[in-house]
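Only one structure is covered here, and it is reproduced in the block below.
Laboratory data are not the source of any read-out in this text; all were calculated from the coordinates shown. These numbers were taken from a predicted model, which means no experiment stands behind them. With ideal geometry, Cβ positions are generated from the backbone for all residues, glycine too; neighbour counts draw on all protein chains shown.
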Amino acid sequence: MNSNNLENFSGKVSDKTIAPLREASHLNPEFVDCRGLEVGWGIKRSLAYQLLNDGKIRGVSLRRRGRLRGKRLFSVDSVRAYLASQMKNGGGA
């Protein structure tokens, strides 16, 4: 049997799976970090912080009490809304 083929219940060989399809939650996150913005949309760190400071996208900083450093996460919904608004405006800022 070919390793790419599966034997179905009737004993016939098929290249199709019988497993139900599910959306992977890691492919559709609610928040991403700077690296996720760059991988998903090509938005680099400096632009991400500029959009955040201008109120065009939303984000949250996770930091433990008394610590100087933390982790900045950006709302995927706000990034998508910003990009959609740019499409409606013809791409202008």
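Quick notes on this one:
- Rough spin-label spacing in nm, given labels placed 7 Å along Cα→Cβ, for Leu62 and Ser46: 2.8
- For Met87 and Asn28, the difference between the fully extended length at 0.36 nm per residue and the C-alpha to C-alpha distance is 19.1 nm.
- Count Lys and Arg as plus one, Asp and Glu as minus one, and take only other residues whose Cβ is under 9 Å from that of Glu38; the net charge is then +3.
- Per-peptide average of other Cβ atoms within 10 Å, ordering 57-68, 74-85 highest first: 74-85, 57-68
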